[in-house]
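> Dumping the structure here so I can ask a few things about it.
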Amino acid sequence: MDNVKKQIISILSGIRSDVKDWESNTQLVHSGILDSLGIVELIGELSDTFDIEIPPQEIVYENFDSVEGLVKMVERLSE
Amino acid sequence: MKNVFELLESASLTCPERLLFEDVEGVNYRDALSKVSSVACYLWSKGIRKQRILVNVGRDFSTLLLFFGIALSGNCYVPMDPTYPEQRKKDIVDIGEVAYGFDCPELESLSAKEAFSFPINEADILEMKAAFNAEDPLYLMFTSGSTGKPKGVMKCHRNVLAFVDNFVSTFGLEEGVRICNQTPFSFDASAKDIYLTLKLKGTLYIPDKTKFALPKVIVDYLNEKQVDTILWVPSALTVIAKTRTLNYIKPEYLKRVFFIGEVFPAKYLNMWTAAMPDTHFVNLYGSTEIAGACLYHEVKGELPIDASLPTGKPLHGNEVKLEDGEICVCSDQVALGYYNDPEKTASTFRVEDGKRFLHTGDFAEINDDGDIVFHARKDFQIKHMGYRIELQDIEAVMSSLDYVEDCCCLYNQDKGKIVLFVTLNRELENAVTVISNDAREKLPYYMVPNIVRVLPVMPLNANGKIDRNGLKKSL
């Protein structure tokens, strides 16, 4: 598995250890798995791990509802 | 006025076309009045009088129309979060002696669909109005109790009517406010949104809960709806500040931000006040045992990072004083008591010369400005995500798990996290995951420990009790 994806899933599992299948879920925010506390924690972890800054305009459903969206965002912001 | 229905009725005479509530759809005052009347006639036709009626709340205005229909018919609504664990739901039904519920198969079931389309009988409505009594129970709200069982606080029409009058006169609010609701309707704080909207002939916007996880999305929503007033828990505001969203986009129309339910960290409050210098920021203090709020403090300018924000001075119509350091309130907003629990009611509420007093259990001091400053709880109560939680309540539930030997629950105030320390009576694979999953299953979401720590032995103090202070140091 792609390294970025692996790291993101590991971060997500640290926030919600009860969720097993991250990759096929495309409703992470919409379903409530990631609530406001979770999002803040996730942003902190992503910023530290990938040494990126996530500006407010990136914190939207499209980027946070799926692992794929998160990977794309992280890759874009790391460039 | 004797019944909250009269707020709706009088507003729908002056502004029938105005939007009252909006979720994904909207309803105006005229149509709301008609739907509420239908619900009341439906209940009346079934001969349901002075009953407690359960409503499974959603983030939709139908929930609120059911509340008002129940109120008009002289019954009392019991808001229920449908995601609560089964045991908690059962406790609420038992303690509240709830026999009826909308779309609840386990109770004497009522159909919301039928109720909303039920024919309105004017003669019945007149009979309902003739029976209005301001002391009649309006809603029964359950809150965490120290024994693991929830407590039901009963409020009457007078409590809520007094609150909206006192609040509006204290802050000089104008008619036609546009409020955005944040707190769920199963949470007492939401009553402020609902009844202030009605009192001020305004509009209440009810966004999807997931929007609050995405700061830009919720700020866009506030701007789209031109929201001018919010009454939120600080954690909802903190998220917006933490993500630096206010540097990028601001809620342009916001005139007033009220916050209640927990401490707003000065660091994040400063970000808000700096970004929005023309907006009023007001700290409110209340408890489920009082309708709305009874103390307020307007924040002026930047605060020192370690400042403890005063809860301030009494709202109009409230007498608040410290008795041996405990905050005691006397006003028409003080609730009727705990339903079905005369003992607990007697130890918390008191009536003298027809005046209602409440002993809040919160300890405070008075500072040099004459403001009341919150100090501590007398028990293990905490405020987390705006909810009042008894840590013992979490411990009681977690101790019931068969693999748990001992447990101790503490709150990390700085990080806003509930921490559970556990010792096990047997080997348990993936213990933290298993415990977290069971916690999610057995506790309402806001009580689920954020951190679980499995200990080989539980530290005890000299008295042989769990060493809470020692554990606190390890947080």
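> Looking at chain B only, what percent of DSSP beta bridges run antiparallel? Nearest 5 please.
60 percent
> Now for a separate question. Note down the magnitude of the dipole of chain B about its Cα centre, charges +1 on Lys and Arg C-beta and -1 on Asp and Glu C-beta and zero elsewhere, to the nearest 20 debye.
About 600 debye.
> Given N residues in the stretch B:1-138, what is Rg(Cα) / (2.2 N^0.38 Å)? Can you show the working numbers first?
Values: Rg = 14.7 Å, N = 138, 2.2 N^0.38 = 14.3 Å.
Its radius of gyration relative to the 2.2 N^0.38 Å reference: 1.03.
> To continue, here is another question. Which value, in debye to the nearest 20, gives the size of the charge dipole of the protein assembly as shown about its Cα centre, when Lys and Arg are +1 and Asp and Glu are -1 at the Cβ? Can you show the working numbers first?
Numbers: 59 positive and 81 negative charges, 95 e Å.
Using only the charged Cβ atoms, the result is roughly 460 debye.
> For peptide A:29-37, how many partner chain Cβ atoms fall within 10 Å of a residue's Cβ, on average?
That average works out to 6.
> Work out the mean other chain Cβ neighbour count within 10 Å for the residues of B:332-341 and drop it here as an integer.
Neighbouring Cβ atoms belonging to other protein chains average 0 per residue here.
> How much FRET efficiency would the formula 1/(1 + (r/R0)^6) give for B:D220 and A:E68, where r is the Cβ-Cβ distance and R0 is 22 Å, rounded to 0.05?
0.40
> Among the aspartates and glutamates, select those whose C-alpha is under 16 Å from the C-alpha of B:K113, and discard any that sit fewer than 8 residues away in the same chain.
Those aspartates and glutamates meeting the cut-off are B:D31, B:D60, B:D103.
> So, one more: Indicate, rounded to the nearest 5 percent, the antiparallel portion of the DSSP beta bridges found entirely in the stretch B:381-473. Mind dumping the intermediate values first?
Details: 13 of 17 bridges.
The antiparallel proportion sits near 75 percent.
> Taking R0 as 35 Å, what FRET efficiency do you get between B:E319 and B:R59 from their Cβ-Cβ distance, rounded to the nearest 0.05?
Between B:E319 and B:R59 the formula returns 0.45.
> Restricting to the protein assembly as shown, what percent of DSSP beta bridges are antiparallel, rounded to 5? Working shown, then result.
Values: 50 of 81 bridges.
Expressed as a percentage, antiparallel bridges in the protein assembly as shown total about 60.
> Still on this structure: Among the aspartates and glutamates, which have Cα under 13 Å from the Cα of B:K472 when same-chain residues fewer than 8 positions away are ignored?
Straight-line reach from B:K472, under 13 Å: B:D414.
> Oh, and also: Quote the relative contact order of chain B in percent (integer), defining contacts as alpha-carbon pairs under 8 Å separated by 6+ residues.
12 percent
> Starting from the 7 Å offset along Cα-to-Cβ, what nm value, one decimal, do you get for the label separation of B:K465 and B:D31?
With each label placed 7 Å out from Cα toward Cβ, I get 5.7 nm.
> Give, to the nearest whole percent, the P(r) tail of chain B beyond 41 angstrom, counting all Cα pairs.
Counting pairs separated by more than 41 Å, the tail of P(r) holds 18 percent.
> Also, I was wondering about something else. So what's the gap between the Cα centers of the stretch B:340-366 and the stretch A:1-45, to the nearest angstrom?
45 Å
> Can you give me the orientation-averaged projected area of the convex hull built on the Cα atoms of the protein assembly as shown, in nm²?
27.0 nm²
> Measuring from centroid to centroid over Cα atoms, what is the spacing of the stretch B:106-179 and the stretch B:188-255 in Å?
After rounding, the separation between the Cα centres reads 23 Å.
> Given points 7 Å out from each Cα along the Cα-Cβ axis, report the A:S10 to B:I451 separation in nanometres with one decimal.
2.1 nm
> Please give the helix B:157-171 orientation as an angle from the longest Cα principal axis of chain B, in degrees from 0 to 90, rounded to the nearest 10.
Once rounded, the angle reads 80 degrees.
> Could you pull out the pairs from B:K35/B:K199; B:K201/B:K300; B:K383/B:K465; B:K2/B:K151; A:K20/B:K90 whose alpha carbons sit more than 22 Å apart here?
Going by Cα-Cα distance, B:K201/B:K300; B:K383/B:K465; B:K2/B:K151; A:K20/B:K90 fall outside the 22 Å limit.
> Here is a follow-up. For an R0 of 51 angstrom, estimate the FRET efficiency from the Cβ-Cβ distance between B:K472 and B:R18 and round to the nearest 0.05. Please list the in-between numbers first.
Details: r = 52 Å, r/R0 = 1.02.
That pair, B:K472 with B:R18, gives E of 0.50.
> Residues of the stretch B:399-428 with amide nitrogen under 18 Å from the 7 Å Cα-to-Cβ point of B:R440?
B:418-420
> What list do you get for B:F264, B:F171 if you sort them by fewest beta carbons within 10 Å? If you can, show how the numbers build up before the last one.
Details: B:F264 25, B:F171 18.
In order of increasing Cβ crowding within 10 Å: B:F171, B:F264.
> Just to be sure I understand: if I project the alpha-carbon convex hull of the stretch B:381-473 onto a plane and average over all orientations, what area do I get in nm²?
Quarter of the Cα hull surface area: 6.0 nm².
> Separate question: How far, in nm, would the chain grow between B:K344 and B:H375 when pulled straight, counting 0.36 nm per residue and subtracting the alpha carbon separation?
8.9 nm
> Separate question: Ignore the peptide's own chain and count Cβ atoms of other chains within 10 Å of each Cβ in B:237-245; give me the average, rounded.
Values: counts 0, 3, 7, 2, 0, 5, 10, 4, 4.
Mean inter-chain Cβ contacts per residue within 10 Å come to 4.
> Cα axis of helix B:29-45 to longest principal axis of chain B: angle in degrees, 0 to 90, nearest 10?
Here the helix axis deviates by roughly 90 degrees.
Read the figures in this text as sums done on the coordinates, not as results from a lab. Everything numeric in this text was worked out from a predicted model, so none of it was measured. Ideal geometry is used to build each Cβ from the backbone, glycine not excepted, and the neighbour counts take in all protein chains shown.
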